[in-house]
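Reviewing the structure listed below.
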């Protein structure tokens, strides 16, 4: 992966883990057929922190967008982890809300 440098920005080593108390990891769970590329990841904060979302303006929104909005609303815009994926928008699944809630539940499990 190549880092593109833009004028006017200060770059910090560590990426999403540069801030104290944040860790991240990823893996290939099979969404991307190239097994050398990660397609699922998590960014985790040691403590709940203020969170915000930027959402699609598209009329068709995937269940993860709906679930994320609701979770942030219920939590007072606090989060402790973010799950990210690529190669799958999770849009128009009949059981999308159920799956998004299940992933959220798994992210809350005491693995740490």
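Taking every DSSP helix (H) stretch of at least 4 residues in the chain, weighting each as -39,500 (n - 2.57) and dividing the sum by the residue count yields a mean residue ellipticity at 222 nm of -7000 deg cm²/dmol.
Volume of the convex hull of the chain (Cα atoms only), normalised per residue: 157 Å³. Maximal additional length on extending the residue 34-residue 59 stretch stands at 5.9 nm, based on 0.36 nm per residue less the C-alpha distance. Measuring r between the beta carbons of residue 88 and residue 47 and using R0 = 30 Å, the FRET efficiency lands at 0.50.
Working from label points 7 Å from Cα in the Cα-to-Cβ sense, the residue 13 to residue 95 distance is 4.6 nm.
Per-residue counts of other Cβ atoms within 10 Å, averaged by peptide: what ranking do you get for 19-31, 2-14, 67-79, highest first? Provide the component values of the computation, followed by the final result.
On the way: 19-31: 12.2, 2-14: 6.1, 67-79: 14.0.
So the order, starting with the most tightly packed, is 67-79, 19-31, 2-14.
For a modelled paramagnetic label at residue 109, 7 Å from Cα along Cα-to-Cβ, the residues of the range 68-94 in reach, with backbone nitrogen under 19 Å, are 80-85.
We did not get these values from a lab; they are worked out from the coordinates using the rules stated. These numbers come from a predicted model, not from an experiment. Positions of Cβ are backbone-derived with ideal geometry, glycine not excepted, and every protein chain shown enters the neighbour counts.
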